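A short worksheet on the structure shown next.
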Amino acid sequence: MNIPNSITTLIAGIAITLISLWYGQNHGLLPVAASADANDVDELFNLMMTIATGLFILIEGVLVICLIRFRRKQGDLTDGPAIEGNVPLEIVWTAIPTVIVFILAIYSFEIYNKMGGLDPMVSGGGMTMAHHHQHNPNTMDNMVAMEPDSKIAIGIGKSMSANDEDPLVVDVNGLQYAWIFTYPDTGIVSGDLHVPVDRPIQLNMKAADVIHAFWLPEFRIKQDVMPGQVSQLSFVANREGTYPVICAELCGSYHGGMKTTMTVETAEGYDQWVQSRTVALQDGEGQPLPVDSTALTDAAFLQAYAEEMGIIENTLEQIPHNPLGMMSMAQ
Ligand SMILES: [Cu+2]
């Protein structure tokens, strides 16, 4: 039986399209989406995955077919035909990727804009740098509170004034190697973040020492956290649960240990958490702060991790004392 070439091509085209569309939605590469913004980002990712799958099957398919169909026959020692190029073909395979790149550029820009990435993140005036002061990154001076006059200049998410609803504001302080969350309205200081579901959250973030990055994979948002300048992240969590908070900027020797969690709970559950923390505060039990790595030697800080990972104690003693030695590797 002789099937015309055009029909074979048509069937192959339909098959590639269907497989790509299916895989674009079922790749299973992303963690759960816990905010509305996350769904927008996922749609862009799924589209890119669909296009990539289609191109992969098409290009690799043609390659494999050619390998088999045009392989050298036994005893054939003649030269192949001299082909000088094909202008229409070259126009087509330049035009298609150009169109794809433009579509993705416009679409991703659209989502970035929708997430508030293009909003001027200025609250109350122009952008200023908080005053610089010479500080030793290994002292408690790093724990300075945020200057109230700091202007917000960069970040993702609508700024506070742009939100109609009353946002929950949390100050985030990133330091080697922990995140510290301060709730200005209740005075709570915590090593893990608790937020109520379906309420706008605004994080005002600052670093005490070097550049860190605040990353919430389940919310598809990440923002640099810098010394001397406040950056901002706003989002609305729409799914209860406990999600990882990860530092995504190589910030020193133990950058890998710089993680905590964000718990998204019902309004009642959140109020209960606030209550329990407030009671502890009033009873003078103190705040369960994360280990302040700056007050410990590196070896002491790593001790807990080392036991867990089965690292020999002598190894720790050989670690150089200033973790900032790693700084040049950041970025
Ligand atoms: Cu960090």
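Within the set ALA95, ALA34, ALA105, the sole residue that is more than 30 Å from VAL225 (Cα to Cα), of a type in the set (A, V, I, L, M), open to solvent by less than 70 Å² (accessible area, probe 1.4 Å) and at pLDDT 90 or above turns out to be ALA95.
Listed here are the residues, each with its yes/no results for (1) in contact with a helix residue (DSSP H, G or I) (Cβ under 8 Å, 6 or more places away or on another chain); (2) under 23 Å from MET49 (Cβ atoms).
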position	(1), (2)
GLN74	no, no
LEU77	no, no
GLU90	no, no
TRP93	no, yes
ALA105	no, yes
MET115	yes, yes
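Taking the criterion of being farther than 25 Å from TRP22 by Cβ and part of a helix (DSSP H, G or I), the residues of region 49-92 that qualify are CYS66, LEU67, ILE68, ARG69, VAL87, PRO88, LEU89, GLU90, ILE91, VAL92.
Return the residue satisfying two criteria in turn: it lies in region 202-222 and is surrounded by fewer than 23 Cβ atoms within 10 Å (Cβ to Cβ) and more than 15 Å from LEU175 (Cβ to Cβ), and of such residues it is farthest from the ligand (Cβ to nearest atom). In this case the residue turns out to be GLN202.
Taken together, the residues in region 245-268 that are away from the ligand (no atom under 16 Å from the Cβ) and either without any contact (Cβ under 8 Å) to a residue 12 or more places away in the chain or not assigned by TED's automatic domain parsing to the domain that holds ALA208 (or both) amount to 1.
Among strands (runs of 3 or more DSSP E) entirely within region 152-214, having at least 3 residues that are modelled with pLDDT of 90 or more singles out 168-175, 178-183, 193-196, 200-207.
When restricted to residues that are in contact with a Phe, Trp or Tyr (Cβ under 7 Å, 6 or more places away or on another chain) and within 16 Å of the ligand (Cβ to nearest atom), region 229-239 contains 1. THR242 meets all of the listed conditions (1) within 10 Å of the ligand (Cβ to nearest atom); (2) open to solvent by 50 Å² or more (accessible area, probe 1.4 Å); (3) in contact with a strand residue (DSSP E or B) (Cβ under 6 Å, 6 or more places away or on another chain) but one, namely (1).
With respect to being open to solvent by less than 40 Å² (accessible area, probe 1.4 Å), touching a Ser or Thr at 6+ places or on another chain (Cβ under 6 Å) and of a type outside the set (Val, Ile, Thr), GLY13 falls outside the description. Within region 110-120, can one find any residue that is within 19 Å of the chain's Cα centre (by Cα), of a type outside the set (Val, Ile, Thr) and modelled with pLDDT of 90 or more? Yes, region 110-120 contains at least one residue that is within 19 Å of the chain's Cα centre (by Cα), of a type outside the set (Val, Ile, Thr) and modelled with pLDDT of 90 or more. Consider PHE70 carefully, then state whether it is closer than 30 Å to ASP198 by Cβ and either open to solvent by 70 Å² or more (accessible area, probe 1.4 Å) or not basic (Lys, Arg) (or both). So PHE70 fails the test.
The values are calculated or read from the model by the stated rules, or taken from the named source; none is laboratory data. Keep in mind the model is a prediction, meaning the values are calculated, not measured. Heads up, the Cβs are rebuilt from the backbone with ideal geometry, glycines too, and the neighbour counts pull from every protein chain shown. Protein only, heavy atoms only, side chains kept; ligands, DNA and RNA dropped before computing areas. Shrake-Rupley method; radii C 1.70, N 1.55, O 1.52, S 1.80 Å.
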